[in-house]
Amino acid sequence: YLTLVLLLLIVTAHGEPAAAQAVITPEGMLETVKYLSGAEFMGRGIGTPELDKAAAFIAARFEAVGLMPGGSANGSWFQEWTDPESREKMRNVVGILPGRNQELARESLVIGAHYDHLGTNGATRENAGKVHPGADDNASGVAVLLELASRLPLVANMERTVVFVAFTGGEEGRKGSRYYVRNERRYPVAKAVAMINLDTVGRLGRNNLIVIGSGSAKEWPAFFQEAGKALKIEIAQMVRELDSSDQKSFQEAGVPAVQLFTGPHGDYHRPTDTSDKIDGEGLVKVATVARSVAFS
């Protein structure tokens, strides 16, 4: 894997605007979680108009904070293809914050979160046909993704490019992140220095923030230990790799990649994964750690 020395040089963050350094608050992220997990989105299932609506919402937010569209066609926010197995139209949402150093701008940090969920296709027989809101999995990750997208453009001296991706197909074998890794041409993963995946980050409570995949580069453990200490946030690291979330697609391509995760619970893949159970202050901690990594 590539060394994280590159990651530590992603941003020269001295003197960024006060707005970029400002304390993160939970209200906006909670509003995003509530919206995306609301009844009108019907659980954001693959191949549904509700998932298309979620993609359009994310694209509009990317545009509003000043990102550049990074889709397949010029001026498009969407990386689109037809899945060869299901024949469903698939759509990643890609926003670009271009690096300002001409020599380094082709290198990228990818920050991602999958935005799809189960829709009404229950993971268990007794829940078949019921709406699965997916508040924690993964409206929470999208909320943090959008929070970071609103802050990083405020850094005046971002040297490398940051690519923000809302992946589709996270619940169907990482189809969105696998497609991105194999098909992204403008900022190919061969030049990606690291990837941060935000998946199921809404139920921190009194638990430790879990970093999965810190064995993907030898520098990760010490780096996250220092970040947690500086921010007074308890962090637990899992060095062994898991196959369940989008960081794995990047690891398979040789990119140091981690997932931020707030832990398992009984509402996972059930209709009871609702927004009223999301920990707003926990979202703040996750976003603060992720911002610290990206600004380092």
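The values are calculated or read from the model by the stated rules, or taken from the named source; none is laboratory data. Everything numeric in this text was worked out from a predicted model, so none of it was measured. Cβ placement follows ideal geometry from the backbone for every residue including glycine, while neighbour counts extend to all protein chains displayed. With ligands, DNA and RNA removed, areas are computed over all heavy atoms of the protein, side chains included. Shrake-Rupley method; radii C 1.70, N 1.55, O 1.52, S 1.80 Å.
Tabulated values for the structure
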{"item": "Hits in region 246-273 - residues which are charged (D, E, K, R), in a helix (DSSP H, G or I) and touching a Ser or Thr at 6+ places or on another chain (Cβ under 9 Å)", "result": "Lys248"}
{"item": "Considering residues of region 235-245 that are assigned to a loop (DSSP other than H, G, I, E, B) and either open to solvent by less than 40 Å² (accessible area, probe 1.4 Å) or within 15 Å of Gly263 (Cα to Cα) (or both) only, the residue modelled with the lowest pLDDT", "result": "Leu242"}
{"item": "Subset of region 136-147 (residues that are among the hydrophobic types (A, V, I, L, M, F, W, C) and out of contact with any Lys or Arg (no Cβ under 6 Å at 6 or more places or on another chain))", "result": "Ala139, Val142, Ala143, Val144, Leu145"}
{"item": "In region 209-234, the residues that are open to solvent by 10 Å² or more (accessible area, probe 1.4 Å) and either closer than 15 Å to Leu283 by Cβ or under 18 Å from the mean Cα position of the chain (by Cα) (or both)", "result": "Ile210, Leu231, Ile233"}
{"item": "Test result for Ser275, without any contact (Cβ under 8 Å) to a residue 40 or more places away in the chain and either within 21 Å of Thr168 (Cα to Cα) or not charged (D, E, K, R) (or both)", "result": "no"}
{"item": "Region 104-119, subset of a type in the set (A, V, I, L, M, F, W, C) and part of a strand (DSSP E or B), residue nearest to Ala149 (Cα to Cα)", "result": "Ile111"}
{"item": "For Leu204: the one exception among (1) surrounded by 24 or more Cβ atoms within 10 Å (Cβ to Cβ); (2) assigned to a helix (DSSP H, G or I); (3) of a type outside the set (Asp, Glu)", "result": "(2)"}
{"item": "Residues of region 148-187 satisfying the condition of being open to solvent by 10 Å² or more (accessible area, probe 1.4 Å), more than 24 Å from Ala39 (Cβ to Cβ) and either in a helix (DSSP H, G or I) or in contact with a helix residue (DSSP H, G or I) (Cβ under 8 Å, 6 or more places away or on another chain) (or both)", "result": "Ser150, Arg151, Pro153, Leu154, Lys175, Arg178, Tyr179, Val181, Arg182, Asn183"}
{"item": "Number of positions in region 243-278 that are hydrophobic (A, V, I, L, M, F, W, C) and in contact with a Gly (Cβ under 7 Å, 6 or more places away or on another chain)", "result": "3"}
{"item": "Matching residues in region 50-99 - criterion: being more than 16 Å from Ser177 (Cβ to Cβ), open to solvent by less than 40 Å² (accessible area, probe 1.4 Å) and in a strand (DSSP E or B)", "result": "Pro69, Ile96, Leu97"}
{"item": "Odd one out for Val131, checked against (1) out of contact with any Gly (no Cβ under 8 Å at 6 or more places or on another chain); (2) closer than 20 Å to Ile46 by Cα", "result": "(1)"}
{"item": "Selection status of Val131, outside any helix (DSSP H, G or I), open to solvent by less than 10 Å² (accessible area, probe 1.4 Å) and among the aliphatic types (A, V, I, L, M)", "result": "no"}
{"item": "Members of region 214-234 found to be touching a Phe, Trp or Tyr at 6+ places or on another chain (Cβ under 8 Å) and either farther than 16 Å from Ala294 by Cβ or assigned to a helix (DSSP H, G or I) (or both), listed by number", "result": "Ser214, Ser216"}
{"item": "Residue in region 274-288 that is in a helix (DSSP H, G or I), open to solvent by 30 Å² or more (accessible area, probe 1.4 Å) and among the small types (Gly, Ala, Ser) present", "result": "yes"}
{"item": "Residue count, region 33-47 (criterion: open to solvent by 40 Å² or more (accessible area, probe 1.4 Å), outside any helix (DSSP H, G or I) and of a type outside the set (Gly, Ala, Ser))", "result": "1"}
